[in-house]
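One structure is given here, and the rest of the page talks about it.
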Amino acid sequence: MRAAIPLLRHTRRATPSLFHPLPIRHPRIFATYPCTYRRAPTIHSLQNSTMASSQSTPDEVKAAADAPGATILDVRTEKELQEQQLTTRKFHHLSCHIDDCSELMSRAEELLPDKDAPVIVFCRSGRRAGKAKEVLEQKGYTRVLNAGGLKDLDYL
């Protein structure tokens, strides 16, 4: 087990001699324990991240939903499903969590036999739908769309 890495951090104090605009690294400590400083994510980097870019546009989702053989898949929990449902279209339900998509993995071929048909996945916010999209693509489904959250589906 590694020992705790002592880092000297930037602090603003009353004396101007202690102010330094960058994180201070002691040369001996840095040579022994090399580390990197990561920047906090910006709005631009979050918009360009894989999770945000994996969400499909409303036009893509509408076109896929109107295609023959399209399936709409709800990956929310049973409790969320009882609270509010998609009323405009028929959908199937398979629960999927960020850390556990075992139900989706085991029942995907049973519920979605055609791997080339469009599959539109949604959840409450879009995060679990992104995970479900990854799982389905790993299983060989070619036309999987992340429609985001239920609140985003008012156009269907």
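The values are calculated or read from the model by the stated rules, or taken from the named source; none is laboratory data. Just so it is clear, the structure is predicted and the values come from calculations on it, not from any experiment. Here the Cβ is made from the backbone with ideal geometry for all residues, glycine too, and neighbour counts use every protein chain on show.
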Residue satisfying condition, being surrounded by 13 or more Cβ atoms within 10 Å (Cβ to Cβ), modelled with pLDDT of 85 or more and either farther than 13 Å from residue 70 by Cβ or under 20 Å from the mean Cα position of the chain (by Cα) (or both), within set 86, 94, 112: 94
Pair list, Cβ under 9 Å, 6 or more apart: the range 80-97 residue among the basic types (Lys, Arg), other residue in a helix (DSSP H, G or I): 89/65
Enumeration of residues in the range 118-129 that are buried (at least 21 other Cβ atoms within 10 Å of the Cβ) and assigned to a helix (DSSP H, G or I): 128, 129
Residue within the range 141-151 that is without any contact (Cβ under 8 Å) to a residue 60 or more places away in the chain, within 20 Å of residue 64 (Cβ to Cβ) and surrounded by fewer than 16 Cβ atoms within 10 Å (Cβ to Cβ) present: yes
Enumeration of residues in the range 125-156 that are within 21 Å of residue 82 (Cα to Cα) and modelled with pLDDT of 90 or more: 127, 128, 129, 132, 147
Residue match in the range 141-150 (condition: polar (S, T, N, Q) and under 14 Å from residue 72 (Cα atoms)): yes
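Residues are listed down the side, and each one gets a yes or a no for (1) over 21 Å from residue 143 (Cα atoms); (2) assigned to a strand (DSSP E or B); (3) at pLDDT below 55:
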{"position": "31", "(1), (2), (3)": "yes, no, yes"}
{"position": "35", "(1), (2), (3)": "yes, no, yes"}
{"position": "41", "(1), (2), (3)": "yes, no, yes"}
{"position": "44", "(1), (2), (3)": "yes, no, yes"}
{"position": "51", "(1), (2), (3)": "no, no, yes"}
{"position": "61", "(1), (2), (3)": "no, no, no"}
{"position": "76", "(1), (2), (3)": "no, no, no"}
{"position": "107", "(1), (2), (3)": "no, no, no"}
Of the criteria (1) assigned to a loop (DSSP other than H, G, I, E, B); (2) over 15 Å from residue 151 (Cα atoms); (3) in contact with a helix residue (DSSP H, G or I) (Cβ under 8 Å, 6 or more places away or on another chain); (4) not basic (Lys, Arg), which one residue 86 fails: (2)
